[in-house]
1. Of the residues in the stretch 72-94, how many are at pLDDT 95 or above, over 15 Å from N115 (Cα atoms) and part of a loop (DSSP other than H, G, I, E, B)?
2. Being over 18 Å from the mean Cα position of the chain (by Cα) and over 22 Å from P50 (Cα atoms) is the filter here; which residues of the stretch 79-115 pass it?
3. In the stretch 100-115, is there at least one residue being surrounded by 11 or more Cβ atoms within 10 Å (Cβ to Cβ), aliphatic (A, V, I, L, M) and modelled with pLDDT of 95 or more?
4. If you take the residues of the stretch 62-74 that are closer than 23 Å to V43 by Cα and under 18 Å from the mean Cα position of the chain (by Cα), which of them is surrounded by the most Cβ atoms within 10 Å (Cβ to Cβ)?
5. Please determine, by comparing only the residues of the stretch 75-90 that are open to solvent by 50 Å² or more (accessible area, probe 1.4 Å) and among the hydroxyl-bearing types (S, T, Y), which one is farthest from G100 (Cα to Cα).
6. Can you tell me which of G122, G118 is under 27 Å from L57 (Cβ atoms), in a strand (DSSP E or B) and within 14 Å of the chain's Cα centre (by Cα)?
7. Restricting to the stretch 62-71, count the residues that are in contact with a helix residue (DSSP H, G or I) (Cβ under 7 Å, 6 or more places away or on another chain) and either assigned to a strand (DSSP E or B) or farther than 25 Å from D109 by Cα (or both).
8. Can you name the residue in the stretch 23-61 that is surrounded by 13 or more Cβ atoms within 10 Å (Cβ to Cβ) and modelled with pLDDT under 85 and, of all such residues, is nearest to C110 (Cα to Cα)?
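The values are calculated or read from the model by the stated rules, or taken from the named source; none is laboratory data. Please read these numbers as outputs of a predicted model, since none were measured by experiment. Reconstructed Cβ throughout: ideal geometry from the backbone, glycine too, with neighbour counts over all protein chains shown. Each accessible area value is taken on the protein alone, full model and side chains, heavy atoms only, with ligands, DNA and RNA left out. Shrake-Rupley method; radii C 1.70, N 1.55, O 1.52, S 1.80 Å.
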Amino acid sequence: MADLLEITKDTTKLIVDMPDGPVEIVRQKNETQLITGFLQPIVPIPGVTPIGELEVLDALGDPDFLVVDTREPKWRIKATTPGSLSIPFSDAAQRLSELGCSRTSSGWDCADAKNVVGFCNGPACPQSPIAI
């Protein structure tokens, strides 16, 4: 099995040991790809639950959820999910109050925060995992 910790933005190939011998997997980027990101785990940190498009649509109409576009503004201008809130990944730590967290003397209390659905430019984009 491949060591996923070895996959980085500079990795273009990976050798995976299979029962019949090693297999080389090569990532070939092309001009039509929108981002310059790298492979991301499906669960960026323990406790995060990945969801699909139908769950995102459900979250848009649910008052207990906030759908957050974590991309840089230049990407949001091109297109976004209607009803989403723009909190770029680089600003997330400073804007926790918008998610329902409150500042305390010892940091942030997010016990009463909304359920946040964050999205970015897809599975190779590191913006949502960084925001999380």
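1. 1
2. S97, S102, R103, T104, S105, S106, G107, W108, D109
3. No; the residues of the stretch 100-115 include none that is surrounded by 11 or more Cβ atoms within 10 Å (Cβ to Cβ), aliphatic (A, V, I, L, M) and modelled with pLDDT of 95 or more.
4. The residue in question is T70.
5. Filtering first and then ranking leaves T80.
6. G118
7. Adding up the residues that qualify gives 4.
8. If we take residues in the stretch 23-61 being surrounded by 13 or more Cβ atoms within 10 Å (Cβ to Cβ) and modelled with pLDDT under 85, then P44 is nearest to C110 (Cα to Cα).
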